[in-house]
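The values are calculated or read from the model by the stated rules, or taken from the named source; none is laboratory data. In this text the structure is predicted, and so the values were computed from the model without any measurement. Keep in mind that these areas ignore ligands, DNA and RNA; they rest on the heavy atoms of the full protein, side chains included. Shrake-Rupley method; radii C 1.70, N 1.55, O 1.52, S 1.80 Å.
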Amino acid sequence: MLCGIDEAGRGPIAGDLVMVGCILNSHIDGLNDSKKLTEKKREALYELIVKNSNYHIVKVSPQSIDADGISLCIKRSLEEIMQNLVCEEYLFDGNSNFGVRGLPTMIKADGKVAEVSAASILAKVTHDRDILKEAKKYPQYQFEKHKGYGTALHIEMIKKYGYCDIHRRSYKLKALQATLF
């Protein structure tokens, strides 16, 4: 039995980091790296994964990321997943286990290992659904277009409106240095 672990939202400058551990209870066709699937396919697979797996989702707020740093937040999330999903074996997508003992990693595991693909999909759909809720709360930032990533549009909106509650202030962008600091 394997628990695959992946994240979504490590790179954006707004929104939560979402980490997911997933143990599949049955085979699911069509699993792949969430970034290689259409939104429609991810949504359909999300429902199948929820019904056919044991999973644990950890959301880390921008405020926690700003206070503790992304690496410590990832480490704590990995430890929480491993405490909540007891399994014979774990596998985290990427090349670092962030100091978590007994946690093997594999680069591009989200496209190679079904359990990690499932975790990738759960994480991405959760992250995107959450950021779309925030888009309704903060329409001026147009989060529905960039999902919190540091695109030119997003940077222009920050220059115009400043930061809102879901921005990660610790993520320093050269394009904003002269404007906000």
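Tabulated data
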item	result
With DNA, RNA and ligands ignored, accessible area of S64 (1.4 Å probe; Å², nearest 10)	50 Å²
Computed accessible area, L91, all protein chains, 1.4 angstrom probe, square angstrom	20 Å²
For the stretch 71-181, accessible area per residue (1.4 Å probe, heavy atoms of protein chains only), Å²	52 Å²
Isotropically averaged projected area of the chain, using the convex hull of Cα atoms (one quarter of hull area), nm²	10.3 nm²
Accessible-area composition of the chain, carbon plus sulfur, in percent [1.4 Å probe]	51 percent
Cα-derived Rg to Rh of the stretch 24-111, Kirkwood definition	0.98
Ranked order, R101, R168, R129 - accessible area, probe 1.4 Å, largest first	R101, R129, R168
Antiparallel %, DSSP beta bridges [both residues in the chain], to 5	70 percent
Relative contact order computed over the stretch 24-133 (Cα-Cα under 8 Å; 6+ residues apart), in percent	33 percent
Whole-number D in µm² s⁻¹ for the stretch 9-55, Kirkwood Cα-pair radius fed into Stokes-Einstein, 37 °C, 0.692 mPa s	272 µm²/s
The stretch 28-79 versus the stretch 136-178: alpha-carbon centroid distance in Å	22 Å
Sequence of K136, K112, K159, K124 when ordered by accessible area, the most exposed leading, probe 1.4 angstrom	K136, K112, K159, K124
